[in-house]
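Student: Just passing along the structure, written as structure tokens.
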Amino acid sequence: MLEKRNFYINGGWVAPREGRDLQVIDPSTEDTCAIISLGGQADTDAAVAAARAALPDWMHADPADRLALVKRIGEVYAARAQDMAQAISLEMGAPIDMARSSQVGAGAAHIRNFITAFDKIRFIEPLGDHAPDDRIIREAVGVCALITPWNWPMNQVTLKVIPALLAGCTMVLKPSEIAPLSSIIWSEILHEAGTPPGVYNMVNGDGAGVGTQLSTHADVDMVSFTGSTRAGIAISKNAAETLKRVHLELGGKGANIIFADADEKAVQRGAAHCFNNSGQSCNAPTRMLVQRDIYDSAVETARTLAGNTAVGPANASGRHIGPVVSQAQFDKIQDLIAKGISEGARLVAGGLGRPEGVNRGYFVRPTVFADVSNDMTIAREEIFGPVLSIIPFDTEDDALRIANDTVYGLTNYVQSGDGACRNRMARHLRAGMIEMNGKSRGAGAPFGGMKQSGNGREGGIWGIEDFLEVKAVSGWDSAAG
């Protein structure tokens, strides 16, 4: 069993000042796989103080030096890829092959994409020809608290740490206490890459403890949080006392609108996407809206795919889904499946309990409900498990009404052979991202939502700009440089 109690503060590993032990559970076995410490106020204060002290030098460092550091981080990250995959698979249950390709791969891709985007950031530029002595200066927001979830650990850590570094911010990372092992390796990577002391710090803790301490801390200038809408609301309230900038990437209830003229793989593709990562993705297309003409065949296709989706332990190679992350998550999913049954949705695949022959681990049966109405609990609440709800619709207007009838607005999906229809849907769907006909968004595209899915954008130039303040200057002496 691993013992990883120390925190990374001011360029080194330090023992907790107010730590208390927490067991990290392997969701495939329900056994303890590691012991970490949850920090206290003294630990949070020490990390924030280190970040505050390092801020002046880092924010005014040559941008080329910040870029060089990120490039070194990318190199060390690639060298530690196998260690990272093993940690992610162990702590949150991603099957090892998926952990290597998608989980670790997401972090590598974000590092590359931010390096490309950085070339487009202008830290000092003229306002315009009409004001030759005016300059626009972009500078770091300041000390940032970065609070990340367990479901895509390196995806979210790199989406926050890398742009903050490039912008000139200093930071304290609080990873999920449920899945902390990958962020410990990440901290080792930043140390090996030569990150200056105090620029990057990491303290483990829970939301009620270190999370609240960071979001209320007077010396923290910005909070960037990914997690539940409930927690995002609490963080916003805490941060309001000191008028911090708050960036929130929250929940989703994505609608996948499949028209009768969609390609033959649309339903299969959508169901597989819903079940990916055991359904633990905020942008999962969990509401499948199907035009009435093809509804019955779509239900049968989804039922077949669910039945053919293997479930197995995270350390096994192969194309299967793993467990969900925790007992609490397993119980929540079971309660929502029961709610779907009691409210009258038609269960066509999966259902309550673990898969056949499994009596240990947080494994959930890939589940499909048909004949769901959009007022049912399973259509309203984010389940965060491998549960698909299929809803019939008749017309384009009908589909738009159902899709937009949600408090969330993260990602919607459209499947149609009619380009004009797709474009109309993209303009009228209320979500931060629209993906159509199975085409993923391009490298550097912004990630983020609207409504109760949050605010701000991650990725590309938008992700860097979210860590920058804009300063307007007049009377600039261009001859002085």
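The values are calculated or read from the model by the stated rules, or taken from the named source; none is laboratory data. Keep in mind the model is a prediction, meaning the values are calculated, not measured. Cβ placement follows ideal geometry from the backbone for every residue including glycine, while neighbour counts extend to all protein chains displayed.
Student: Does region 239-256 contain at least one residue that is part of a helix (DSSP H, G or I), in the same structural domain as Asp97 (by TED's automatic domain parsing) and in contact with a strand residue (DSSP E or B) (Cβ under 7 Å, 6 or more places away or on another chain)? Step through it out loud before you land on a result.
Tutor: Step one: filter region 239-256 for residues part of a helix (DSSP H, G or I), giving 239-240.
Subset that is in the same structural domain as Asp97 (by TED's automatic domain parsing): 239-240.
Applying the additional criterion that residues be in contact with a strand residue (DSSP E or B) (Cβ under 7 Å, 6 or more places away or on another chain) yields 239.
There is at least one residue in region 239-256 that is part of a helix (DSSP H, G or I), in the same structural domain as Asp97 (by TED's automatic domain parsing) and in contact with a strand residue (DSSP E or B) (Cβ under 7 Å, 6 or more places away or on another chain).
Student: Let me ask something additional. Can you give me the number of residues within region 314-348 that are assigned to a loop (DSSP other than H, G, I, E, B) and of a type in the set (Ser, Thr, Tyr)?
Tutor: Residues in region 314-348 being assigned to a loop (DSSP other than H, G, I, E, B) and of a type in the set (Ser, Thr, Tyr): 2 in total.
Student: Give all pairs with beta carbons closer than 7 Å in which a residue from region 218-238 that is touching a residue at least 24 places away in the same chain (Cβ under 8 Å) meets a residue that is among the polar types (S, T, N, Q) and not in a loop (DSSP other than H, G, I, E, B); count only pairs at least 6 apart in sequence or on separate chains.
Tutor: Once the first residue is touching a residue at least 24 places away in the same chain (Cβ under 8 Å) and sits in region 218-238, its partners that are among the polar types (S, T, N, Q) and not in a loop (DSSP other than H, G, I, E, B) give Val223/Ser215; Thr226/Gln156; Thr229/Gln452; Ile235/Ser215; Asn238/Thr212; Asn238/Ser215; Asn238/Thr216.
Student: How many residues are assigned to a loop (DSSP other than H, G, I, E, B) and closer than 14 Å to Ala49 by Cα if we restrict to region 1-17? So that I can check it myself, show each step before the final result.
Tutor: Narrowing region 1-17 to residues assigned to a loop (DSSP other than H, G, I, E, B): 1, 5-6, 10-11, 15-17.
After this cut, where a residue has to be closer than 14 Å to Ala49 by Cα as well, the list is 10-11.
Total meeting the criteria: 2.
Student: Kindly check whether there is at least one residue in region 18-39 that is under 30 Å from Ala314 (Cα atoms), among the aliphatic types (A, V, I, L, M) and part of a helix (DSSP H, G or I).
Tutor: First pass over region 18-39, keeping only residues under 30 Å from Ala314 (Cα atoms): 19-39.
If we keep only those that are among the aliphatic types (A, V, I, L, M) as well, we get 22, 24-25, 34-36, 38.
Imposing the further condition that a residue be part of a helix (DSSP H, G or I) reduces the set to none.
No - not one qualifying residue is present in region 18-39.
Student: Moving to a separate point now. With the structure loaded, tell me whether Glu75 is over 23 Å from Ile461 (Cα atoms), assigned to a helix (DSSP H, G or I) and modelled with pLDDT of 95 or more or whether it fails that test. Explain how you work it out, then say what you get.
Tutor: Working: over 23 Å from Ile461 (Cα atoms): no; assigned to a helix (DSSP H, G or I): yes; modelled with pLDDT of 95 or more: yes.
No: the conditions fail for Glu75.
Student: Then there's this: Examine region 209-222 for a residue that is small (Gly, Ala, Ser), touching a helix residue (DSSP H, G or I) at 6+ places or on another chain (Cβ under 7 Å), assigned to a helix (DSSP H, G or I) and buried (at least 24 other Cβ atoms within 10 Å of the Cβ), and state whether such a residue exists.
Tutor: Checking region 209-222: at least one residue is small (Gly, Ala, Ser), touching a helix residue (DSSP H, G or I) at 6+ places or on another chain (Cβ under 7 Å), assigned to a helix (DSSP H, G or I) and buried (at least 24 other Cβ atoms within 10 Å of the Cβ).
Residue-wise test of (1) in contact (Cβ under 8 Å) with a residue 60 or more places away in the chain; (2) surrounded by 21 or more Cβ atoms within 10 Å (Cβ to Cβ).
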site: Ile9; (1), (2): yes, yes
site: Gly19; (1), (2): no, no
site: Pro27; (1), (2): yes, yes
site: Ala34; (1), (2): yes, no
site: Leu38; (1), (2): yes, yes
site: Ala68; (1), (2): no, no
site: Ala78; (1), (2): no, no
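Student: A further question follows. Just give me the residues in region 448-468 being of a type in the set (A, V, I, L, M, F, W, C), in contact with a helix residue (DSSP H, G or I) (Cβ under 7 Å, 6 or more places away or on another chain) and not in a loop (DSSP other than H, G, I, E, B), in sequence order.
Tutor: Correct list: Ile461, Ile464, Leu468.
Student: So, one more: Just give me the residues in region 280-294 being crowded, with 20+ Cβ neighbours inside 10 Å and either assigned to a helix (DSSP H, G or I) or basic (Lys, Arg) (or both), in sequence order.
Tutor: Arg287 - this is the single residue of region 280-294 that is crowded, with 20+ Cβ neighbours inside 10 Å and either assigned to a helix (DSSP H, G or I) or basic (Lys, Arg) (or both).
Student: Now for a different question. If we keep just the residues of region 243-256 that are under 18 Å from Ser281 (Cα atoms) and hydrophobic (A, V, I, L, M, F, W, C), which is surrounded by the most Cβ atoms within 10 Å (Cβ to Cβ)?
Tutor: Within region 243-256, the match that is surrounded by the most Cβ atoms within 10 Å (Cβ to Cβ) is Ala255.
Student: Taking Asn10 as meeting all but one of (1) in contact with a Lys or Arg (Cβ under 6 Å, 6 or more places away or on another chain); (2) polar (S, T, N, Q); (3) farther than 23 Å from Met92 by Cβ, write down the number of the exception.
Tutor: Answer for Asn10: the failing condition is (1).
Student: Residues Phe384, Phe369, Phe393: which one is on the phi > 0 side of the Ramachandran plot, in the same structural domain as Pro355 (by TED's automatic domain parsing) and buried (at least 18 other Cβ atoms within 10 Å of the Cβ)?
Tutor: Phe384
Student: Among what's in region 160-198 and is in a strand (DSSP E or B) and β-branched (Val, Ile, Thr), pick the residue that is surrounded by the fewest Cβ atoms within 10 Å (Cβ to Cβ).
Tutor: Applying the filter and picking the extreme gives Thr170.
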